[in-house]
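Here's the structure, in structure tokens; my notes come after.
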Amino acid sequence: MQRDKQIFELIEAERERQLHGLELIASENFVSEQVMEAAGSVLTNKYAEGYPGKRYYGGCEVVDEVENIAIERAKALFGAEWVNVQPHSGSQANTAVYHACLKPGDKILGFDLSHGGHLTHGSPVNFSGKLYNPVFYGVEEETGMLNYDKIEEIAKKEQPRLIIAGASAYSRDIDFKRFREIADSVGAILFADISHPAGLIAKGILNDPLPHCHIVSTTTHKTLRGPRGGMIMMGKDFENPFGIKLKNGKTRMMSSLLDSAVFPGNQGGPLEHIIAAKAIAYGEALTDEFLHYALQVRKNAQTMAGAFVNKGYKVISGGTDNHMMLIDLRNKDISGKDAENALEKADITVNKNMVPFDDKSPFVTSGIRIGASAVTTRGLKEADVETIVELIDKVITNFENDKVIEEVRAQVNAMMKEKPLFQW
Ligand code: PLP
């Protein structure tokens with residue numbers, strides 16, 4: 001068969017783009033060669049509906065071992081009692097959690113998308129906002145931070161069945177213990193979505209949700225630095241308080257409901273090649289090298305946030321505890337969209353992002369979101385990220401000047417060309 005030149009040329013072009021550019025999208029990272037190799041392995045050929053030892057297909061003895069290793073490593077990494085590694089994505093992990101805990105029309109309390117939450121936390125354009133009845137909490141306008149007393153007030157007024165703690169664009173550590181007190185005070189299930197900071201949480205750099213939250217989901221490809229995918233965990237299994245009563249007066253255990261919600265509720269055959277890649281990434285994350293990586297991610301993010309503040313940028317909440325920051329550009333007379341476009345011309349990739357209390361649409365926005373996970377994987381340290389802030393500032397203050405942008409692009413390419421995609 002002829003090699004598909006058209007697609008392989010495009011893959012090569014993407015590799016070049018990644019190599020020469022500065023990747024600052026907070027949700028992206030670069031995987032190791034062994035993670036990449038597993039993701040492109042013969043395991044992609046295998047159907048394995050079901051779970052290890054309980055499959056609907058023959059020939060699953062090898063993938064059963066792979067999936068069990070992924071589960072055991074994830075348990076060790078997060079201190080979880082139960083894990084499901086099959087969700088194809090973060091969104092599908094969250095779909096399964098709601099499917100297992102809720103009925104259509106049930107009330108959920110999540111972080112407002114325009115304040116930093118995720119689409120799957122109840123946005124009206126997402127299934128979570130269409131199928132369930134969402135209410136929201138947000139950050140304080142003055143501080144850019146969560147106010148837990150206010151969240152408690154909303155929870156008491158709204159009486160949600162499920163509360164979501166977690167975000168896509170919140171740079172501060174989350175108090176899961178306080179969230180649990182709030183959830184307990186209204187009898188709600190507490191669900192944490194740690195997609196963004198999972199790698200930092202795994203290494204104990206941020207608050208651990210597992211002891212406090214009933215259910216925890218994550219993507220596997222952000223700070224956790226695995227293949228694209230999702231995962232669901234529990235620190236401790238429990239009976240679904242809102243479930244149908246069984247003959248013995250009990251309700252089904254959440255682990256059983258969650259497994260059924262992933263398969264057959266929400267997915268068919270698991271992606272065993274991706275599960276193998278997840279297992280490898282979890283193995284990498286269990287090492288001390290990954291602790292150094294995660295610490296460096298936070299150092300780099302904090303250095304960048306400080307450098308932006310020193311240049312007069314408004315960093316929401318004034319800084320960061322994790323891998324990312326949200327910058328409000330309203331005092332710089334440039335929209336998020338124009339900043340993203342100008343930076344892209346300089347081979348610096350960020351994403352435009354709504355800021356809390358934004359007056360612009362989600363397509364224009366007043367802000368940009370910046371993350372340090374990917375550049376840290378490429379080996380950049382504090383001095384490098386300070387240079388990056390200089391370069392970003394140069395582009396933003398000259399966003400209509402193609403000559404300046406071209407100069408910055410040359411500097412970016414020179415800085416990155418010797419650096420492999422994966423250096424840790
Ligand atoms: N949850 C949060 C907090 C996220 O930030 C994201 C992705 O950005 C997701 C869920 C969804 O993940 P995916 O894109 O894999 O569906």
Practice problem: State all residues of region 240-265 that are in contact with a strand residue (DSSP E or B) (Cβ under 6 Å, 6 or more places away or on another chain) and under 17 Å from P211 (Cα atoms); if no residue qualifies, say none. | Solution: S255
Quiz prompt | Tally of residues being more than 21 Å from the chain's Cα centre (by Cα), part of a loop (DSSP other than H, G, I, E, B) and closer than 20 Å to G318 by Cα across region 360-396 | solution = 1
Quiz item: Given the structure, is A372 out of contact with any strand residue (DSSP E or B) (no Cβ under 8 Å at 6 or more places or on another chain) and not charged (D, E, K, R)?
Solution: no
Exercise. Give the residues of region 364-392 that are under 14 Å from L343 (Cβ atoms) and surrounded by 18 or more Cβ atoms within 10 Å (Cβ to Cβ), sorted by residue number.
Key: T365, G367, I368, R369, I370, G371, V375, I388, V389, L391, I392
Quiz item: How many residues are surrounded by 23 or more Cβ atoms within 10 Å (Cβ to Cβ) and outside any loop (DSSP other than H, G, I, E, B) if we restrict to region 85-98?
Solution: 7
Exercise. Could you check, for region 88-110, whether at least one of its residues is aliphatic (A, V, I, L, M), in contact (Cβ under 8 Å) with a residue 60 or more places away in the chain and over 27 Å from V186 (Cβ atoms)?
Key: no
Quiz item: Inside region 226-257, can you point out the residues that are more than 16 Å from the ligand (Cβ to nearest atom) and either among the small types (G, A, S) or in a helix (DSSP H, G or I) (or both)?
Solution: G235, G243, G249, M254, S255, S256, L257
Quiz prompt | region 114-125: number of residues that are more than 13 Å from the ligand (Cβ to nearest atom) and of a type in the set (S, T, Y) | solution = 1
Quiz prompt | Filtered residues of region 136-161 (kept if among the small types (G, A, S) and in a helix (DSSP H, G or I)) | solution = A155
Quiz item: How many residues does region 223-270 hold that are of a type in the set (K, R) and at pLDDT below 95?
Solution: 4
Quiz item: Within the bounds of region 53-68, is there any residue that is within 30 Å of L146 (Cβ to Cβ), more than 16 Å from the ligand (Cβ to nearest atom) and part of a helix (DSSP H, G or I)?
Solution: no
Quiz item: Which of (1) in a loop (DSSP other than H, G, I, E, B); (2) surrounded by fewer than 23 Cβ atoms within 10 Å (Cβ to Cβ); (3) in contact (Cβ under 8 Å) with a residue 60 or more places away in the chain; (4) under 22 Å from the mean Cα position of the chain (by Cα) is the odd one out, the single condition F399 does not satisfy?
Solution: (4)
Practice problem: Answer yes or no: is there a residue in region 99-113 that is of a type in the set (D, E), in a loop (DSSP other than H, G, I, E, B) and within 16 Å of the ligand (Cβ to nearest atom). | Solution: yes
Self-check item: Hits in region 141-183 (condition: of a type in the set (A, V, I, L, M, F, W, C) and either in contact with a Lys or Arg (Cβ under 7 Å, 6 or more places away or on another chain) or within 16 Å of the ligand (Cβ to nearest atom) (or both))
Solution: M145, L146, L162, I163, I164, A165, A167, A169, I174, F176, F179
Quiz prompt | In region 1-45, the residues that are within 16 Å of the ligand (Cβ to nearest atom) and either more than 21 Å from Q86 (Cα to Cα) or part of a loop (DSSP other than H, G, I, E, B) (or both) | solution = E23, L24, I25, A26, S27, E28, N29, V31
Quiz item: Can you find a residue in region 294-317 that is under 24 Å from E81 (Cβ atoms), in contact with a helix residue (DSSP H, G or I) (Cβ under 8 Å, 6 or more places away or on another chain) and small (G, A, S)?
Solution: yes
Exercise. Scan region 345-354 and give yes if some residue there is hydroxyl-bearing (S, T, Y), at pLDDT 95 or above and surrounded by fewer than 19 Cβ atoms within 10 Å (Cβ to Cβ), otherwise no.
Key: yes
Quiz prompt | Conditions (1) out of contact with any Leu (no Cβ under 9 Å at 6 or more places or on another chain); (2) part of a loop (DSSP other than H, G, I, E, B); (3) closer than 17 Å to T349 by Cβ; number of the one not met by L421 | solution = (1)
Quiz item: For region 3-27, how many residues are touching a strand residue (DSSP E or B) at 6+ places or on another chain (Cβ under 9 Å), farther than 24 Å from G230 by Cβ and not hydrophobic (A, V, I, L, M, F, W, C)?
Solution: 2
Quiz item: Hey, among the residues in region 196-225 that are assigned to a strand (DSSP E or B) and not polar (S, T, N, Q), which one's farthest from the ligand (Cβ to nearest atom)?
Solution: I215
Practice problem: Name the residue, out of G122, G144, G129, that is within 20 Å of D175 (Cβ to Cβ) and surrounded by 17 or more Cβ atoms within 10 Å (Cβ to Cβ). | Solution: G144
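The values are calculated or read from the model by the stated rules, or taken from the named source; none is laboratory data. Just so we're clear, the structure is a prediction, and the values are computed from it rather than from any experiment. Cβ sites come from the backbone with ideal geometry, for glycine too, and all protein chains shown count toward neighbours.
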